[in-house]
Amino acid sequence: MLTCKQASQLISKSLDRELNWRERFALHLHVSMCKYCKRFSQQLLAMRIALKRMSKSIENDQNIQLPSETKSRITNSIESRVD
């Protein structure tokens, strides 16, 4: 059984890479029983979604006085870290 510290580390790692089946199983088991880690996982997912939306709005915002090239580069940088 994972500790909350191990579970939170796996939750964070899952944003950067695909977890193997053992990690996914252990994490799923822990999160199904731990409301705190479940909430942490949901919060990270919500932040990820918000960052994606924000990057899209930055790219399309005409009030931001940056060259479109720069806006695209910033957006691509954010999306590559979020995906």
Exercise. Under a plain spin-label model, where a point goes 7 Å from the Cα along Cα-to-Cβ, how far apart in nm are residue 80 and residue 66?
Worked result: 1.4 nm
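Just list whichever of 5/52; 13/35; 5/35; 13/71; 5/56 have alpha carbons separated by over 22 Å in the model shown. Intermediate values should be presented prior to the final figure.
Working: 5/52 27 Å; 13/35 19 Å; 5/35 14 Å; 13/71 28 Å; 5/56 33 Å.
Too far apart for the 22 Å limit: 5/52; 13/71; 5/56.
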Seminar exercise, completed: Placing each pseudo-label 7 Å from Cα in the direction of the beta carbon, residue 32 and residue 15 end up separated by a distance in nanometres of 2.5 nm
Exercise. Contour minus end-to-end for residue 51 and residue 4, with contour as 0.36 nm per residue of separation and end-to-end as the Cα-Cα distance?
Worked result: 14.4 nm
For this session: Taking only protein heavy atoms into account and a 1.4 Å probe, give the accessible area per residue of the chain in Å².
Result: 78 Å²
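The chain: which GluC sites (Glu not before Pro) are DSSP loop and have at most 15 other beta-carbon atoms within 10 angstrom?
Numbers: sites: 18, 23, 59, 69, 79; in loops: 18.
Answer in residue order: 18.
The values are calculated or read from the model by the stated rules, or taken from the named source; none is laboratory data. Remember, it's a predicted structure, so these values are computed and weren't measured experimentally. Don't worry about glycine lacking a Cβ; one is built from the backbone with ideal geometry, like all the others, and counts go over all protein chains shown. With ligands, DNA and RNA removed, areas are computed over all heavy atoms of the protein, side chains included. Shrake-Rupley method; radii C 1.70, N 1.55, O 1.52, S 1.80 Å.
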